[in-house]
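Following: one structure in structure tokens, then a few remarks.
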Amino acid sequence: MDRALSKRYDPQEVENEWYKVWEKNFSGVSEEINEKRRPYTIVMPPPNVTGRLHMGHALDETVQDVIIRFKRMRGFDVLWLPGTDHSAIATEAKIVAQMREEGISKAQLGREAFLKRAFEWKENYGGQIVSQIKRLGCSCDWSKERFTMDEGCSKAVIEVFVNLYGRGLIYKGERTVNWCPKCKTSISDAEVEYTERDGYLWHINYDVEGGGTLTIATTRPETMLGDTAVAVNGKDERFKNLVGKTAIVPLVNRRVPIIADDHVLMDFGTGVLKVTPAHDPNDFEIGLRHRLPSINVMTQDGKINENGDKYRGLGLMEAREAILKDLEAFGKLAGTKPLKHNVGLCYRCGETIEPMALVQWFVRMKELAKPAIDAVRKKEVEFVPERFEKIYFNWLENIKDWCISRQLWWGHRIPAYYCADCSHMMVAKEPMVSCQRCGSKKIKQDEDTLDTWFSSALWPFSTLGWPEKTKMLDKFFPTQTLVTAYDIIFFWVARMVFMSLDQMKVAPFKYVYIHGLVRDAQGRKMSKSLGNGVDPLSVIERDGADALRMALMIGVSPGSDVKFSDEKVLLARNFTNKIWNAARFILMNVPEELDGELRVNELEIADKWVIGKLNHLIDEVSANLDGFEFGIALQKIYDFTWDVFCDWYIEIAKVKIKTQEPNVRGVLVFVMRNILKLLHPFMPFVTEELWQAFQSDGESIMIQPWSESDRGAMFETEIAEFEKLVLVIRAIRSARAEGKVPQNKKVKVYILTEDEIIKNSGKLIMALGFAESVDFDVCGVKTDEMFATNTGAARIFVLVVDAVDKGKERARLVTMLEKYQKEHEVLEQRLAKKEIWEKAPNVAAKYKVEMEELTRCIANVEESLQQIAEGGGLGDGD
RNA sequence: GGACGAUUAGCUCAGUUGGUAGAGCAUUCGCUUGACGUGCGAAAGGUCAAAGGUUCAAGCCCUUUAUCGUCCACCA
């Protein structure tokens, strides 16, 4: 690396450069099966092709990249396949909006020209999200990039549609569907979001032929224009005699039957229900049961249609006002009650959804859902965290047929063809040119396109070449892990599972890793309307992609939402700088012999400590990553790097470098290299840049073998022993600070201990505790010059001479004594119980040792107090 | 109505098989120490939402409750 390391890490300098290298070197995975390296596949959830990168993407892509980079280093033959989604409604809406500005409508342009324009739009904006994903450092294989509407994916869509239709699993029929008047298309049940609104329950009197009145209750009076019955519960004594008679719908004066149906609740509203089969799913069912006609009163853009008599042309709300006014005028309005009720909204545009009976295409779900439920039950597919399988089950177990037709142009056109002469319908893979029944050449293709999620559901295999039998499919399917947020379990995850099980006879992936949504610092969902979204690209530009990635990954647990805050970015950015400078220190002090062989059997205690800690870290982090515990893994690497390596080992290394101890360089480089590798999945750029400084072969860190712990160098006892030293040194520093000893002043230290390790580590203790001499016996200390402290768990008694604050010693010793005595008591009580010896002898033994230590400490403190009380100095005095 | 999650330091959150509570930020004190002031050392701060239970031992397991959040279902 010829770039001199500056004092501060500058991410901009390195990021673009490295991504170019990676993209060149690591795209184009081989289709051939590698006997030694097992394949590991992730298909990227395709973002909207014309979208912009937001924090949700950033989190999703980062998680995937962490997994992929980890698995790659672990020796898997990885494929992370990227791509984009045509996002039918969202994209078409954007194009239509743009056209509106130019004063052009879809109808004016025509289907063909519209599609031409849409593809041009896609070409222009489709690259944007891709280049933004690249800036995150994602190591996906861009040579395999796919698009849901490319030739192959489209072919897969047609193949599945025709197949399902042939087996009767796709059908065309009239059902109540969710109509969005703004998007002017039907949408599936999953695409409706319910929200509670304050509304009214209006009571309206319907005359009964032959005398009497029935008061119905409704929240949508405008739908009465389409009423074809009035229903009561058959068990309701109040209305029993009216069943079978005829009611008159006010305003339109339609004669409708009064029917009995169990769906009507006696205790809600007035117990009388107006039945509008065309505009309510429940009423539609009632209509089927009672063979009621269905009168549609709405146009596609949410106005009253020709069936609405004099209200024709009014918007629904206008119609409601007008109808209520008229009802009142006719004396038919019996009352108004406020009511909180749920209103369905379009998940794309937020418009109120109008249920409407329409002829649409549906996927029959019951048969497809069952294997998908079983696959998760049998753990062929596992959710991480597991609890999300409940959501999945709940949805699939109560699923209704899936409305897949959309009245849009941007999407996969339904491969159904109609004969203009005999109306014969044909569903076929290839465009039909003549009618199979009458031979007519006048053939028209179905106008509708498919739900975006229909093509997304095939994504894990359509992207690998299916329906062709490709080597890619052979090698990389089924995939291993799918990473996504919980909000699209219904839309996408469940549908991929049942489509794959049905078409491929195998689940599309083994694990579904679910992460949460990214929220702002106040915990609110980031949204355009709130304007609280943080642009990941601005974070990258300011603090680097590594900092962004770390900010998203640190301290998160699977399935829970991530609060994104500047504090986290700062933490992450500071951490990149910390590693950078740790590396800089090593490079400045270890200019040569970078290979620095690590000779384990020549190590001293501090070396063994850091190596041992590293080995434990490697094991833990590897296990955490295998278990999708990214937040924990990253936290552990962070703690080790900062606390263990930088704050302690490098400080010790400074002492060792001065005294020219032979092993220090090897240890520093060895630990640093391992930190870089462990950290690389999370922070690819800075680790790559530094890796290059610690080796000479120029190879990318991406393909380095993952760290393996050395089982022979776990050093448990050394770790425990060294940590006693740490406590002693901390105690000295603490005593100095409490005693207000100026930082630049050295101090005499006396330590009461029988510990051999501590006795033999005077040099280190002196150096790191800013002490000038360390004695291990009590001697020559006047009480008014000393400051005492305990050392926490090790309970070694430390005396620091030359303390300035002379008044506090006694009180401090008393406090210490009380604390020790209390701890002693607690342990004594625990150990008094027989059961602990029987059931957890190792724990009991540990407690016993601690208690003995405490006993010694108490004696020491008491002795000191005694001496103070006698007014003399400790020991010989001088 | 059903399900799930959250409740731990002033704030934001970790805490993986039960063994004497952790981090970052903020606060206080002290440091221009030749890697880093995006830094270093020290300190203060928590009856782990409440009440029961299991256990030698509970933040963690069980039961109930409260508050907040999310999803699903839905009475027009």
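Between A:Lys444 and A:Asn253, how high is the FRET efficiency from 1/(1 + (r/R0)^6) when r is the Cβ-Cβ distance and R₀ = 51 Å? Nearest 0.05.
Given R0 = 51 Å and the Cβ-Cβ separation, E is 0.80.
Can you tell me which of A:532-542, A:422-432 comes out highest on packing, and rank the rest after it, using the mean Cβ neighbours within 10 Å?
Packing proxy ranking, top to bottom: A:532-542, A:422-432.
Take A:Asn589, project a point 7 Å from its Cα along the Cβ direction, then tell me which residues of the stretch A:658-697 have their backbone nitrogen under 20 Å from it.
Answer for this model: A:658-676, A:690-691, A:693-695.
Along Cα→Cβ, 7 Å out, is where each label goes; now give me the distance between the ones at A:Arg167 and A:Glu716 in nm to one decimal.
5.5
Pairs on different chains or at least eight residues apart, Cα atoms closer than 27 Å: how many lysine pairs in the stretch A:10-159 fit?
Close lysine pairs found across the stretch A:10-159: 28.
Cα axis of helix A:316-329 to longest principal axis of chain A: angle in degrees, 0 to 90, nearest 10?
60
Return the FRET efficiency for the residue pair A:Trp642, A:Gln743: r is the Cβ-Cβ distance, R0 is 25 Å, and the value is rounded to the nearest 0.05.
After rounding, the FRET efficiency stands at 0.70.
Checking the cross-link filter: which lysines have an alpha carbon closer than 28 Å to that of A:Lys833, excluding same-chain neighbours under 8 positions apart?
A:Lys819, A:Lys822, A:Lys846, A:Lys848
Could you calculate the contour length gain from A:Arg238 to A:Glu367, that is, 0.36 nm times the residue separation minus the distance between their Cα atoms, to one decimal place in nm?
Stretched fully, the A:Arg238-A:Glu367 segment lengthens by 42.2 nm.
Under the classification rounded if a/c is under 1.5, otherwise prolate if a/b is larger than b/c and oblate if not, where does the stretch A:565-666 fall, given a ≥ b ≥ c as square roots of the Cα gyration tensor eigenvalues?
Oblate shape, in that a/c is at least 1.5 and b/c is the bigger or equal ratio.
Going from most exposed to least, what order do A:Leu548, A:Leu339 have by accessible area with a 1.4 Å probe?
Sorted by accessible area, descending: A:Leu339, A:Leu548.
With runs of 4+ DSSP H residues as the only contributors, calculate the mean residue ellipticity of chain A at 222 nm using -39,500 (n - 2.57) per run, divided by the residue total and rounded to the nearest 500.
-13500 deg cm²/dmol
Using only Cα atoms and rounding to the nearest 10 degrees, what angle (0 to 90) does helix A:605-626 make with the longest principal axis of chain A?
10
Going by alpha carbons, how many degrees (0 to 90, nearest 10) lie between the helix axis of A:111-135 and the longest principal axis of chain A?
The helix A:111-135 is inclined about 10 degrees to chain A.
Take the Cβ-Cβ distance between A:Asp697 and A:Lys839 as r, set R0 to 41 Å, and report the resulting FRET efficiency rounded to the nearest 0.05.
For A:Asp697 and A:Lys839, the calculated efficiency is 0.15.
Kindly report the accessible area of chain A per residue (heavy atoms of protein chains, probe 1.4 Å, no ligands, DNA or RNA), in Å².
45
Within 10 Å of each candidate Cβ there may be at most 11 other Cβ atoms; applying that plus a DSSP loop requirement, which GluC sites (Glu not before Pro) in the stretch A:81-112 survive?
A:Glu102
Please work out how much length the chain gains when fully extended from A:Ala97 to A:Asn601, using 0.36 nm per residue of separation minus the C-alpha to C-alpha distance, in nm with one decimal.
Here the segment from A:Ala97 to A:Asn601 would lengthen by 174.2 nm.
Between the stretch A:549-592 and the stretch A:381-458, what is the C-alpha centre distance in whole Å?
The distance from the Cα centre of the stretch A:549-592 to that of the stretch A:381-458 comes to 48 Å.
Kindly rank A:273-281, A:753-761, A:853-861 from highest to lowest mean number of other beta carbons found within 10 Å of each residue.
A:273-281, A:853-861, A:753-761
Would you work out what percent of the accessible area of chain A, with all protein chains in place, is carbon or sulfur (probe 1.4 Å)?
49
Could you sort A:Val556, A:Val433 by their accessible area in this structure, using a 1.4 Å probe and putting the largest first?
A:Val433, A:Val556
Roughly speaking, what is the stretch gain from A:Glu151 to A:Lys24, that is 0.36 nm per residue apart minus the C-alpha to C-alpha distance, in nm to one decimal?
43.2 nm
How much accessible surface area, in Å² rounded to 10, belongs to the heavy atoms of A:Lys7 with a 1.4 Å probe?
Its heavy atoms expose roughly 150 Å² to the probe.
Going by average Cβ density within 10 Å per residue, which order do the peptides A:395-406, A:482-493 take, highest to lowest?
For the peptides A:395-406, A:482-493, the packing ranking is A:482-493, A:395-406.
The values are calculated or read from the model by the stated rules, or taken from the named source; none is laboratory data. For clarity, every value in this text was computed on a predicted model and none was experimentally measured. Please note: Cβ atoms are built from the backbone with ideal geometry, for glycine as well, and neighbour counts cover all protein chains shown. Ligands, DNA and RNA are stripped out before the accessible areas are found, and what is left, the full protein with its side chains, is counted by its heavy atoms. Shrake-Rupley method; radii C 1.70, N 1.55, O 1.52, S 1.80 Å.
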